Each structure stands twice: as structure tokens, then as C-alpha cells.
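Following this message is one structure expressed as C-alpha cells.
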């Protein structure tokens, strides 16, 4: 499209030199380059500039004083203090509006900081890196992701009401939304899944504590489901298991059952690293967005909604993408 415009301007200049009128010149250009490439009004504007002495159709360099803002200074200030306001960035260097425009032009947007359970020590950071590199090397030696099964738990709240941004007239009262109670009803979702989708999931009844015995019962159900699907050709090779470091997962009773009874290979998981768990960075994030704004009154409604969500993802590449991102996330450390 830009090339057609440049060609149209060149043809207009030629016809101006030949003595044609602007309207006729526009029709001639459109006949050659295609309809609506140049309008009569635009042709008249160009002819007026030609009569005033313009001899080139190349785009003119913008007029005005050249920018004296050192963008590198702004970048260094922002890197040193990421929570700086536009006024703080501009202080003693440029106008606040200039720094704000620079922030928008570079694609930066304000985002809230994210709470994490703990501030990692240098030793914990080193362990995160070592375990991630070990998992990557293990994947390169053989097919890891195709037989990986991961699990996690998350609470599903009955009231998913959220604050929304709505359009209002100046002076108009805001829409009132009741705040969900701080200790509202919720159910714990336990799910085990792979690239092929969920192997086993359940919602624990209210006031039920996930201990080692209950977790072992879930592992027994997962092992049965894995054996059935392996006979159906979904999995190739022994199960490779990934779990975080929740107390029921790392108890001695659970560890002995996994290693001695199930004979599963377990991928180590660094402490305080939910960003390295596929359920946290992929599955639960999508599920919570699906349930956002919905309210439930019974356990059966929650179970139906979760089942509806999981069913909608089966047959798509959703679960495969979540597992495939397991290694790229580790490579970014």
C-alpha cells in the first residue's frame, strides 16, 4: 500500500508537469494503479504543493527542534527503580509528559508486583537452576514429556466475584459489588494430568485435610488409570512423576509408596518454586479465569463447572502446551 502511494505521487508530479488538472490526474492514477489509490482531494493538495515550488515526492523530514532527551538515562533510572513514576523518571532531565510518552512508546505498562511465598536464598536459587538443567539434560537423552504426569492442588472458591472496570458518566455513582467474605466456602481440587489430559481428579469434601494416606489413595487411582491408558497406546514407557514439595507429597510414607510399590521415577522439584509447576503456571491460571465471576451454592455445582472446563480442553492442545512449556520455563532461569 505504501509503495502504491509513492508511485501515485510520482505519477501526479509527471501529470502536473504535463499540464493536467488535479481531478483528471487522480482518475488517471487510479486507472493505472487501482481504484481509490489516490483521492481527488489528495491530488489537489499535491498539485498545490507543486505550484508552490515542491519538486520532490519523497517524504519530508519532520520539522521542529530535534529531541534532546537522553533515552538511555530514562532506561537506567527505570532499571534502578522499576516502581518509579513518570515524574520521578523525568526529574531534572525532561518533562513528565515526555517520560510518560517514552514509557508508552516502549511498550511498558503498569503491573502490580506479585507476592511469592518466600524470598529465595542464593542456595535455593542455585538449586532451582541445577534441577532445571538436570531436567533439560534428561529430556535430551530420551522422551520425557510424553510420559510425564504432574499433579497439584488448588482451592476453588464458591464466590468468584471480582471487581470490574465499567464505563460511567462524570458524577455518576459507581456500581456497588459486594466483597466476597474472607473465609468463604471453598473446595480443594486435586488433579493429576499429562499431555493427554487429566488422568485423575477429585474435589475433596469441605473440612477434609489432604494427608499422606489420602494422597496415597489418589496415587493408587492414578497408577490404575496410567496402566489402562498405556495399554491403549497413549503412553510409551514407565511413568515419570512430577510433584511439588507439599507435606503430603514428601512424607516418608508417600516416598516409600512411590519408590517401593509404584516404582515411579520422580523428577525433583526445587522448594518454593510454583513458577516451575505446570499446574500453577498453566492449568490453574486458566481454570481460575474460566470460573471468574461465577457463584456456586452447592458442591455439585463446583464439580460440574470444573468437569465442564476440563472436558472443553480435551481434544485440544491445551494440556500438551502446558507440559511442553515445562522445559522452556526452566531454560529461562
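Residues of region 94-139 being touching a helix residue (DSSP H, G or I) at 6+ places or on another chain (Cβ under 6 Å) and at pLDDT 85 or above, which ones?
Residues satisfying the conditions are 96, 99, 100, 102.
What residue, of 251, 273, is under 25 Å from residue 132 (Cβ atoms), more than 32 Å from the chain's Cα centre (by Cα) and in the same structural domain as residue 133 (by the TED database)?
Numbers: 273 fails: more than 32 Å from the chain's Cα centre (by Cα).
After ruling out the rest, the residue left standing is 251.
Taking region 207-248, which residues are assigned to a loop (DSSP other than H, G, I, E, B), within 25 Å of residue 138 (Cβ to Cβ) and more than 31 Å from the chain's Cα centre (by Cα)? I'd like the intermediate steps shown before the answer.
Restricting attention to region 207-248, the residues satisfying the condition of being assigned to a loop (DSSP other than H, G, I, E, B) are 207-211, 232-239, 243-246.
Next, only the ones that are within 25 Å of residue 138 (Cβ to Cβ) stay: 233-239, 243-246.
Listed by number, the residues that qualify are 233, 237, 238.
Right, next: Within region 28-47, work out how many residues are surrounded by 13 or more Cβ atoms within 10 Å (Cβ to Cβ) and either farther than 18 Å from residue 57 by Cα or in contact with a helix residue (DSSP H, G or I) (Cβ under 7 Å, 6 or more places away or on another chain) (or both).
So the answer is 10.
Output the residue which, of all residues in region 201-226 that are under 24 Å from residue 157 (Cα atoms) and free of Cβ contacts under 8 Å to residues at least 12 places away in the same chain, is surrounded by the most Cβ atoms within 10 Å (Cβ to Cβ).
This residue is 209.
Looking only at region 174-194, how many residues end up being under 30 Å from residue 224 (Cα atoms) and out of contact with any helix residue (DSSP H, G or I) (no Cβ under 8 Å at 6 or more places or on another chain)?
2
Only one residue in 258, 216 is closer than 30 Å to residue 299 by Cβ, in the same structural domain as residue 298 (by the TED database) and touching a strand residue (DSSP E or B) at 6+ places or on another chain (Cβ under 7 Å), so which one is that? Quick ask: steps written out before the conclusion?
Values: 216 fails: touching a strand residue (DSSP E or B) at 6+ places or on another chain (Cβ under 7 Å).
Being closer than 30 Å to residue 299 by Cβ, in the same structural domain as residue 298 (by the TED database) and touching a strand residue (DSSP E or B) at 6+ places or on another chain (Cβ under 7 Å) holds for just one of 258, 216, which is 258.
Same structure again: Need the failing condition index for residue 282 against (1) over 24 Å from residue 115 (Cα atoms); (2) crowded, with 17+ Cβ neighbours inside 10 Å; (3) out of contact with any strand residue (DSSP E or B) (no Cβ under 8 Å at 6 or more places or on another chain), just the number.
Just one mismatch for residue 282, condition (1).
A quick yes/no check of all residues on (1) over 30 Å from residue 311 (Cα atoms); (2) free of Cβ contacts under 8 Å to residues at least 12 places away in the same chain:
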| position | (1), (2) |
| --- | --- |
| 134 | yes, no |
| 146 | no, no |
| 150 | no, no |
| 154 | no, no |
| 169 | yes, yes |
| 177 | yes, no |
| 180 | no, no |
| 190 | no, no |
| 199 | no, no |
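Among the residues of region 186-200, what is the count of those that are crowded, with 17+ Cβ neighbours inside 10 Å and assigned to a loop (DSSP other than H, G, I, E, B)?
Of the residues in region 186-200, 1 are crowded, with 17+ Cβ neighbours inside 10 Å and assigned to a loop (DSSP other than H, G, I, E, B).
The values are calculated or read from the model by the stated rules, or taken from the named source; none is laboratory data. Nothing here was measured: the structure is a model prediction, and the numbers come from that model. Cβ atoms come from the backbone with ideal geometry, glycine included; neighbour counts cover every protein chain shown.
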